[in-house]
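Working notes, beginning with the structure itself.
We did not get these values from a lab; they are worked out from the coordinates using the rules stated. Here the structure is a predicted model, which is why all the values come from computation and not from measurement. Cβ placement follows ideal geometry from the backbone for every residue including glycine, while neighbour counts extend to all protein chains displayed.
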Amino acid sequence: MSDVTRAYRRRATGGVLTTLTWLLALAFFFPVAWMAATAFKQENQAASDPPTWFFTPTLDQFRAVIEGGSAVYVANSAIATGVSTVLVLLLGIPAAYALSIRPVEKVSDVLFFFISTKMLPVVAVIVPIYVVAGQLKVLDNIWTLVVLYTAMNLPIAVWMMRSFFLEVPGEVLEAASVDGAGLMRTLRSVLIPMVAPGIAATALICVIFSWNEFFFALNLTASRAATVPVLIVSTMTSEGLFLARLCAAALLASLPVILAGWIAQKQLVRGLSMGAIK
Amino acid sequence: MSTSTIDRLEGSRRAARAAAAERTISKAEGWRRRGPLLPALIFTVIVTQLPFLVTIWYSLRGQNLLRPGEDIFVGLSNYIDIAQDSTFRQTALNSVVITLGCVLVAMVLGIVLALLLDRPFFGRGVARTMLITPFLVMPVATSVLWSVALLNPTYGLFNWVLGVFGIEAVDWTSTYPIIAILMALVWQWTPFMMLLVLAGLQAQAKDVLEAASVDGAGPWRTFRSITLPHLRRYIELGVLLGVIYVVNTFDQIYLMTAGGPGTASANLPFYIYQRAFLGFDIGQAAAMGVVVVIATIIVASAALRLIFRSFEVKE
């Protein structure tokens, strides 16, 4: 085989692989695109057989979702997500520090304890949480979700932040202590700026998980503290099959996380593997 | 080169050695070190461990919220009921099928996609972005999208495509409920596996691959004897994390099939939810929760040991 034919063949294989990759990418993306397209249809076009491929896009469904009292749900989701993420960082960063830079005894035991709580199935604790929350009169209260989401994400944050702290070179910390910087100053002026990307990545993961959380929200909230996922489900059941409106609601609900994930693709891998993979 | 889990293990070993050397550190210093850890530790114990202790307590009682008078100590009778409950066994089996089915299929697809993405081509960033999107869609929205827009028997897109090929319409969520749930789950979790494997591929030492190619190893040979062993730890990590998350699947089952028809597609989380929140049978639901936790501890500790061994042995 001459070099020329070999080069040709390699280019042909490359072309086939590229085409295949694109076909698969389009196939995986298609359901999302279909959801987005349906959101811009009228109801009779959304649920038609055969499917409607060409139509004049309308914003009616989005208007209906936004004007249909979704503000409360969005506000609840924003509180549950935002406050729990801040709490996770406030509790998790010092804990990760105590497991890396100036370690306590039995570091690996503590780490395993944190990770083991992620393996505890949520269904195993929902019953007492429900009963106790009822007795404390905090059912249908957004702060109950804040506490639970904080506990849900804290182990991930501890593991992630620890992996970022371990990357801080020892010389930097020594230099800081030689300069006579105390603990708080070392944290504030040396450590925190160095692990800022890690804090951002940790926050992103916490936001994704708490924004999307449905099980606790379904069981522990009713009308006052319900979050966005609950809104979608009630749209689905109460209004029967308003497919286009449902797709508009689902698209709006997913959009914050989709955009955040697109922007922070690199951090996503590290967060999903709890810091194990860079 | 290496994953930071290795760094972490080395870090904790280093930390352990340092701790041993500093046994003599004063009590005050010990508490100064523990100080930053305690709030997180105490919070986690209170919110995650206490409820589980209460679950154990409930599991020994005959509490049913519909019959308030019967809150009495019943010993192990809830557990005996579970052992005789064929629905519990069926939903346990469904849990295994759904979890393993989703994780394995998603992993194979994820490896294929990662290999395809690990080469330069036109629009690679866009293709990657498109491929990770399913993982970012809210699971509740995913369930709606699949059960209503794609798999609906009358106007779902899937049946229309099948119709083009002359295949008759199928009512997916009632005829093949587990397959329907698996479709939505695999679609959602493939990007997760792909991202992990892709990170593994990109951490491969390029000089080793070049050496293999200079030595005349073909692409398949290189993949089998160099890339696959290198990917092993990433694959194991993906499978472990995948199992942890997928075994708790609730949203898709609640929304796509409601566990039905009957309990044909219910997994354990959904069945326990039904017993607790639709049957108000607190004692039974709590006992099932305890059984699930014990099973999880057994499986998870075996899996964790396996993984951490594979991370420690190498390098």
Practice task
Just report the Cα centroid separation between region B:90-143 and region A:142-174, whole Å.
Solution key: 26 Å
Problem - Relative pair counts by distance (%), Cα atoms of the protein assembly as shown, 10 Å bins - result: 3, 15, 25, 26, 19, 9, 3, 1, 0
Exercise for the section: Determine the distance separating the Cα centre of region A:66-135 from the Cα centre of region B:25-66; give it in Å without decimals. Expected result: 13 Å
Exercise for the section: Would you please report the Å³ per residue occupied by the convex hull of the alpha carbon atoms in region B:86-313? Expected result: 156 Å³
Practice task
Scan chain A and hand back the longest stretch that contains none of the chymotrypsin sites (Phe, Trp or Tyr not before Pro) lying in DSSP loops with at most 16 other Cβ atoms within 10 Å.
Solution key: A:56-278
Fill in the blank from the handout: In whole percent, the Cα-Cα distances of region A:3-58 spread across 5 Å bins from 0 upward as 4, 16, 16, 13, 10, 9, 8, 7, 6, 5, 3, 1
Handout entry: Under Karplus coefficients 6.51, -1.76 and 1.60, residue-wise ³J(HN,Hα) of region A:197-211 in Hz, glycine/proline x
Key = x, x, 4, 4, 5, 4, 4, 4, 4, 4, 5, 4, 5, 7, 4
Problem - Peptide B:28-40 - average C-beta neighbours from other chains (10 Å radius) - result: 6
Fill in the blank from the handout: Residues meeting the amide H criterion for B:Arg61 (H placed from the backbone, H to H distance under 5 Å, 5 or more places apart or on another chain) are B:Val74
Problem - Nearest-0.05 FRET efficiency for A:Ala36 and B:Ile42, computed from C-beta distance (R0 51 Å) - result: 0.70
Problem - Theoretical ellipticity at 222 nm over chain B - DSSP helices of four or more residues, -39500 (n - 2.57) apiece, nearest 500 - result: -21500 deg cm²/dmol
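If a/c stays under 1.5 just call it rounded; otherwise compare a/b with b/c (prolate if a/b is bigger, oblate if not). Do that for region A:120-196, with a ≥ b ≥ c from the square roots of the Cα gyration tensor eigenvalues.
Working: a/c = 4.71, a/b = 2.83, b/c = 1.66.
Prolate is the answer for region A:120-196, as a/c is 1.5 or above and a/b outweighs b/c.
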Exercise for the section: Please average, across the residues of A:111-120, the number of beta carbons from any other chain that are within 10 Å of each residue's own beta carbon, and give a whole number. Expected result: 6
Problem - Phi-based couplings in Hz for region B:283-293 (Karplus 6.51, -1.76, 1.60; Gly and Pro marked x) - result: x, 4, 4, 5, 4, 4, x, 4, 4, 4, 5
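Using Cβ contacts closer than 10 Å as the measure, can you line up A:Thr5, A:Thr18, B:Thr87 from fewest to most?
Listing A:Thr5, A:Thr18, B:Thr87 from fewest to most nearby Cβ atoms yields A:Thr5, B:Thr87, A:Thr18.
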Fill in the blank from the handout: In this structure, the FRET efficiency calculated for B:Asp71 and A:Asp49 from their beta-carbon separation, with R0 = 51 Å, to the nearest 0.05, is 0.45
Problem - Charge dipole of chain B about the Cα centre (unit charges at C-beta), most positive-ward option of B:Pro139, B:Val103, B:Ala149 - result: B:Val103
Handout entry: Alpha-carbon spread of chain A, three principal axes, descending order, Å
Key = 80, 72, 33
Problem - trypsin sites (Lys or Arg not before Pro) within region A:36-110, DSSP loop, no more than 16 other Cβ atoms inside 10 Å - result: A:Lys106
Handout entry: Distance between region B:229-247 and region B:172-216 - C-alpha centres, whole angstrom
Key = 11 Å
Handout entry: Expected 222 nm ellipticity per residue - DSSP helices of 4 or more, -39500 (n - 2.57), all of chain A, to 500
Key = -23500 deg cm²/dmol
Handout entry: Given charges at beta-carbon only (K, R positive; D, E negative), |dipole| of chain A in Debye
Key = 560 debye
Completion exercise
For region B:33-40, in residue order, the Karplus 3J(HN,Hα) values (coefficients 6.51, -1.76, 1.60; θ = phi - 60°; whole Hz; Gly and Pro = x) are 6, 6, x, x, 7, 4, x, 5
